[in-house]
1. Select from A:Y8, A:A23, A:S106 the residue farthest towards the positive end of the dipole of the stretch A:3-173; place +1 on Cβ of Lys and Arg, -1 on Cβ of Asp and Glu, and compute about the Cα centre.
2. Quick one: A:M66, B:M255, fewest Cβ neighbours within 10 Å first, how do they rank?
3. May I ask for the percentage of alpha-carbon pairs in the stretch A:153-223 that lie more than 17 Å from each other?
4. Give the nm distances, rounded to one decimal, from B:D328 to the matching residue in every other copy, measuring between label points 7 Å along Cα toward the beta carbon; shortest first.
5. Along its principal axes, what span do the Cα atoms of the protein assembly as shown show, with the longest given first and each in whole Å?
6. How many angstrom separate the Cα center of the stretch B:1-67 from the Cα center of the stretch A:31-101?
7. Can you put B:K129, B:K55 in order, fewest other beta carbons within 10 Å first?
8. Among A:K88/B:K311; B:K31/B:K189; A:K55/A:K110; A:K163/B:K60; A:K7/A:K34; A:K91/B:K55, which pairs are too far apart, with a Cα-Cα distance over 25 Å?
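Please treat every number below as a calculation from the coordinates, not as lab data. No experiment lies behind these values; they were computed from the predicted model shown. Here the Cβ positions follow ideal geometry from the backbone for every residue, glycine too, while neighbour counts run over all protein chains shown.
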Number of protein chains: 2
Amino acid sequence: MNIVVQKYGGSSIGSTEKIKKVADKIIRTKKAGKDVVVIVSAMGKNTDELVNLAKSISGKPDPREMDVLLTTGEQVSISLLSMALIEKGYKAISFTGSQLNIQTTSSHQKARIMDIDVTKVTEALKEGKIVVVAGFQGVTEDNDFTTLGRGGSDTSAVALAAKLEGTCEIYTDVDGIYAMDPRRLKNAKKIPRISYDEMMEMASNGAGVMHYRAVELAHKYDIPLYVASTFSDEPGTIIDNGGGKTMEEAVVTGMASSLEDIQITVLNLPSPTKSLYRLFGQLGEKGINVDMISQMLTEDNLMHVSFTAPKDDLWLVEKVLREWQQQDPTIQWEINEDIAKISAVGLGMRSHAGVAAKVFELMSDNNIEVKMVTTSEIRITWVVVREKEQQVIDLIGHHFGLEMSL
Amino acid sequence: MNIVVQKYGGSSIGSTEKIKKVADKIIRTKKAGKDVVVIVSAMGKNTDELVNLAKSISGKPDPREMDVLLTTGEQVSISLLSMALIEKGYKAISFTGSQLNIQTTSSHQKARIMDIDVTKVTEALKEGKIVVVAGFQGVTEDNDFTTLGRGGSDTSAVALAAKLEGTCEIYTDVDGIYAMDPRRLKNAKKIPRISYDEMMEMASNGAGVMHYRAVELAHKYDIPLYVASTFSDEPGTIIDNGGGKTMEEAVVTGMASSLEDIQITVLNLPSPTKSLYRLFGQLGEKGINVDMISQMLTEDNLMHVSFTAPKDDLWLVEKVLREWQQQDPTIQWEINEDIAKISAVGLGMRSHAGVAAKVFELMSDNNIEVKMVTTSEIRITWVVVREKEQQVIDLIGHHFGLEMSL
């Protein structure tokens, strides 16, 4: 079989009019001789509406029942899309996560896919049907409904493509992956092809189109992803194992920026190693995703340690620090919410040294203080004061050629 | 176990505020020491909204996919009600028709329940949980979703009560079964207790509160039904095998009226037996529910035959007659849509002769033409011109004591 898995997000099917247009797009692929499996999310604002219903009943809705509620969203979508395909004269059949026995862990609202039984899918494909599957959802061993959390529908699509040994196309409201979000960098250029590694670095540092876990899964099973616009035929972006000429040449492939982090600095720690062990041990226990860490020795041989964490976890971080302070009242800290975390990503950094140096030079020439910095083999991330964010994006975007040639 | 199955209809849970009140009512039963299983329908106008979505995609939506769509309605209800119960400090768990493997026939939108696996329900009850089940829905052998059609949620409740050997309470927006719809007979009295047989006769002749099939199933398994108001503590109506003193005394227990029928008269049939065989055979093949039949010989030894059928089936009836007319152009017919079908029902008719005679006398005294009449052991049904309907209801209601004593 020649199977393509197409995923359409909530904004692509936000109305019955849009659903009909998506049906036309699917039919074009079917007519081109492909076996088509479609993954859909909940329609437009449907999930928000369901969450509001739950919130009006309980401040902290029961997680199991929340998933019973949320999974109705995609179920509505798959039925309407299947009806639209059938109305247009094609054979189609829908399946929920439960009907395909998409086995997940039992962590409600953030379940992870363990396995998918594709028997019903392959049978339906053999009968010439277009198969429409509810994304974002699965079931536990006990057949309790689960949802996959952020990036869930993309992950469903990749997992199905992996099991079906097909290709995977992600259709969304942007027409591909840009070197930088075009709302932030005017004239940002579209990337025709990007490696899994680069895409994962960009996704985990603030680039919004693809979620990290879907790209990670595609990487694991070596499923090429094609990201493009639902309602245009503009060529999109291929995400795969790389190897293209363009890739080798670009030092910096893309950039991402995040305003979702805070910087915490714990001051004047007397016995650094023990203190760091204690601090990051306890933050880890609370499930706080500590990202960048830097430390600085003072003249008195005490240590300041800074780290970044997601803004949403601030209350948890403060809880850990207050508990520590109760035992050791000398502990003090500063919170800085006024930061931007900016990353430049590129496979080319592996072979081209000096990107970090160039970034520091650009910052220095423009009197921008680099508050923290970390690097990986293919990424450099640095923190600046928030009001400088746009200036940094423009400087980096321009210097490393992330804009369209005019 | 001491199990009570409570069913709450769509109007009882039409908002999250109402859902919280229903939760309070369920908790009172739980506190009284019962094991509670709750069946809910879709919230208020939710089903209509889903149907409108489908209609905006297809004039004749695919039946399988329609049920995928419709079953989301009750799934939303069960999750929200369970959340409300948990929020109030009680253990609760929801199940869809699929999760309980409520096996049905595969007739989408009008499936019939074959069996229910109550293992999960009894396990949850043993753990002290309130069990909340989606009414109106089930699955086929292949785990395709089905819906049960009109009266479906009541039927789900009765079926579960039968399997669990519990009692069944139907909560709705009226506070019991009245001798006649109080919107039609001012001061109609509430019936404290009514037999399955009477209730079935009333339900199949236009009384709206309970659907025929749910009462029939309760009768089959001898499950007593209690019908009462969701939001008041007024005593409701018990539907069971009868035996109460009140029942034996009343000649007429209740009355029903329907404006949903048409009268068709086929004129001047030459060979009556053969013609009737042909006519009703073909109407039966088309699934038309022919109700009352009367025939009249003319002076020329030809026959007129009249029958009533649901208004919705008029086009099918006319199709049958037109096909007949193509073969035999002498066939002619008249349609009368301007009729009311009124029924009086009472176990007492078994022992008290003369109810039919009394009805004819009342009609005659008031110059009301009885167009057709049929009787069963406990029912008399007659057709009058629609403009006389209210007058007939008042006459019968008054004469047979269906009004409250003041």
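1. Comparing the listed Cα positions along the dipole, A:A23 ranks first.
2. A:M66, B:M255
3. Roughly 43 percent, rounded to a whole number.
4. So the distances to the same position in the other copies read 10.5 nm.
5. Projected onto the principal axes, the Cα atoms of the protein assembly as shown cover 118, 67, 40 Å.
6. One Cα centre to the other: 19 Å.
7. By the 10 Å Cβ count, ascending: B:K55, B:K129.
8. A:K88/B:K311; B:K31/B:K189; A:K163/B:K60
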